[in-house]
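Asks: Mind looking over this structure? Questions follow.
The values are calculated or read from the model by the stated rules, or taken from the named source; none is laboratory data. Here the structure is a predicted model, which is why all the values come from computation and not from measurement. Quick reminder, even Gly has a Cβ in these numbers, built from the backbone with ideal geometry, and neighbours come from all protein chains shown. Areas reflect the complete protein model, heavy atoms only, side chains present, ligands, DNA and RNA absent. Shrake-Rupley method; radii C 1.70, N 1.55, O 1.52, S 1.80 Å.
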Amino acid sequence: MTSVSVRTLATAGAALLALCGTPAAAQAGDPLTRPYSAADCPSCAEWNVPHAPVRLHGNTYYVGTHGLTALLITSPQGHVLIDGALPSSAPLILRNVRALGFDVRDIRLILNSHVHYDHAGGLAALQRASGARVAASVASAPVLERGTSMEGDPQHGILLDFPPVRDVRRFADGETLRVGPIAVTAHLTPGHTQGGTTWTWRSCDAAGCVDVVYADSHSPISADGFRYSDSRAYPSAVADFERGFRTLEALSCDILVTPHPSGSSLWERLERGSRGLIDRDACKRYAAAGRQRLQRRLETERGTR
C-alpha cells in the first residue's frame, strides 16, 4: 500500500464520519453502542475516526478505527476477533468485517488485550451481533462482566464504564484457543492492567508464513496518587511489567501490532507496503521502550517521596 493510499483511507474515513455522524445504532440510543460525551472522553472522537479495513497478512485483517485496533483472523470454519475499541466503534468494526466480504455471524471467538473502555467498550455489541463466545484472562474476565474497573487497575477511578459482556470464559497463561485451523495463544503480560494479554498466531499466504504478535499496552499510566513502586492495591505491578517485557523479548515476532496503532507505528509501516510490516526486532524494541518508560516513572516516584 502506498503512502497516498494510506492517507486517502484515513481522509476518506474522516469525511465519512463528518457526513454520516455517529453510527445509526448509536443515534438510535442503543445502550451497547452509545458514544461517550466529549466532556467525558476528549480523545474519543479522534480515536473513533473510521478507517477502511486493511489486510495485514494472509488471513489477518485490521478492522478497527483509525486510532483503535481491532483484528480479524479468518478461516472457512469461522473467525476470531480481537478487541472492540469504544462502544460507538462496534458499528464501524462490523461494517469493516462486512466490507471484506465476511459474515459477522461467522465470528466464533472474541478476545481482548486489556479491559479499558477504549479496547473493551465495543465487545458487548460485537458479542450480540455475532453470537460469538468471549474469552479473557482470569483477572480481566470479572471486569468485562461488570463493565467497570476494579481496584488494582492503575487507572481505577478515572476510567469510564462500558457495557458489560456476558458469559466470559476464563483461560490460562499459555493456553491456545482454536477456531477451526486458527490457533491463537495467550501470553499474560500484565502491568498496564492486571489481566493484560498479548496474543500470537501464525498467518500464511502464498509467499509463506509469519508470526503475528498483538502486544498489549505496556505504558505506566495511572490515576493521580497511584504509585507503581509501592501500590497496596497492585503490589506486583513492577514485577508484572518486567515479566511482560521478558515475555515480549522471547516471542517469535515477524509482525507487531498494538492496541493503539500509533504505539507500533502501524500506519507509517504500511506506507512502505505490506512487506514494511515485517520487522523481527519490533517486539524487542517495543519491550525496551516500555522498560524505559517504566524506569522514568519509578525515578519520578522516588523523587516525589
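Asks: Please list the non-local residues whose amide H lies under 5 Å from the amide H of His79, H modeled 1.01 Å from N, same-chain partners needing a gap of 5 or more.
Replies: Here Ile107, Arg108, Leu109 satisfy the definition.
Asks: How large is the Rg to Rh ratio of the stretch 108-196 when both quantities use alpha carbon positions and Rh follows Kirkwood? Intermediate values should be presented prior to the final figure.
Replies: Working: Rg = 12.6 Å, Rh = 13.2 Å.
For the stretch 108-196, the value is 0.95.
Asks: Moving on. Compute a Gaussian network model of the chain, connecting alpha carbons closer than 10 Å, and tell me which residue from Thr176, Thr33, Thr193 fluctuates the most.
Replies: Thr176
Asks: Sorted from largest to smallest, which semi-axis lengths in Å does the alpha carbon gyration tensor of the stretch 202-252 give for its equivalent ellipsoid, taking the root of 5 times each eigenvalue?
Replies: The three semi-axes for the stretch 202-252 are 34, 11, 6 Å.
Asks: Positive end of the dipole of the chain, charges at C-beta (+1 Lys, Arg; -1 Asp, Glu), about the Cα centre: which of Leu270, Gly208, Pro235 has its Cα farthest in that direction?
Replies: Checked the options; the winner is Gly208.
Asks: If you don't mind, another one. Of all the C-alpha pairs in the stretch 179-305, what % are more than 19 Å from each other? Please list the in-between numbers first.
Replies: Details: 4109 of 8001 pairs.
Above the 19 Å cut-off, the stretch 179-305 has 51 percent of its Cα pairs.
Asks: Taking a 1.4 Å probe, which of Asp40, Asp153 shows the most accessible area, and what order do the others take after it? Before the final figure, lay out each step's value.
Replies: Working: Asp40 95, Asp153 15 Å².
Descending accessible area places them as Asp40, Asp153.
Asks: For the stretch 194-199, what does the Karplus curve 6.51 cos²θ - 1.76 cosθ + 1.60, with θ = phi - 60°, yield as ³J(HN,Hα) per residue in whole Hz, taken in order and with x for Gly and Pro?
Replies: Working through the residues one at a time gives 6, x, x, 9, 9, 10 Hz.
Asks: Next question, about the same structure. How large is the accessible surface per residue of the stretch 236-305, computed with a 1.4 Å probe and reported in Å² as a whole number?
Replies: Working: 3490 Å² over 70 residues.
So the stretch 236-305 comes to 50 Å² accessible per residue, rounded to a whole number.
Asks: Let me ask something additional. Calculate the length of the line joining the C-alpha centroid of the stretch 81-100 to that of the stretch 125-177, in whole Å.
Replies: 17
Asks: Oh, and also: Given 4 °C and 1.567 mPa s, compute D for the stretch 25-115 with the Stokes-Einstein relation, Rh being the Kirkwood radius over Cα pairs; round to the nearest whole µm²/s.
Replies: Details: Rh = 13.5 Å.
Result for D is 96 µm²/s.
Asks: For the stretch 101-257, which whole percent of the accessible surface, found with a 1.4 angstrom probe, sits on carbon and sulfur atoms?
Replies: Values: 2880 of 6000 Å².
Using a 1.4 Å probe with all protein chains present, the stretch 101-257 comes out at 48 percent carbon and sulfur.
Asks: Still on this structure, please answer the following. Of all the Cα-Cα pairs you can form in the stretch 87-154, what percent are over 14 Å apart? Walk me through the numbers on the way to the answer.
Replies: Values: 1342 of 2278 pairs.
Counting every Cα pair in the stretch 87-154, those more than 14 Å apart make up 59 percent.
Asks: Determine, at each q value in 0.16, 0.18 (inverse angstroms), the log₁₀ of I(q)/I(0) that the Debye formula gives when each Cα of the stretch 136-253 is one equal point scatterer.
Replies: Log10 of I(q)/I(0), two decimals: -0.82, -0.99.
Asks: The chain: percent of C-alpha pairs farther apart than 28 Å? Display every interim value, and only then the final one.
Replies: Numbers: 16097 of 46360 pairs.
Looking at the chain, the distances longer than 28 Å represent 35 percent of pairs.
Asks: Also, I was wondering about something else. Summing -39500 (n - 2.57) over the DSSP H runs of n ≥ 4 in the chain and dividing by its residue number, what mean residue ellipticity at 222 nm do you reach, to the nearest 500 deg cm²/dmol? Walk me through the intermediate numbers first.
Replies: On the way: 10 runs with 96 residues, N = 305.
Only helices count here, giving -9000 deg cm²/dmol.
Asks: I've got another one for you. Enumerate the calculated ³J(HN,Hα) couplings along the stretch 87-96 in order (Karplus 6.51 cos²θ - 1.76 cosθ + 1.60, θ = phi - 60°), each rounded to whole Hz, writing x wherever the residue is Gly or Pro.
Replies: x, 6, 7, 4, x, 5, 5, 4, 4, 5
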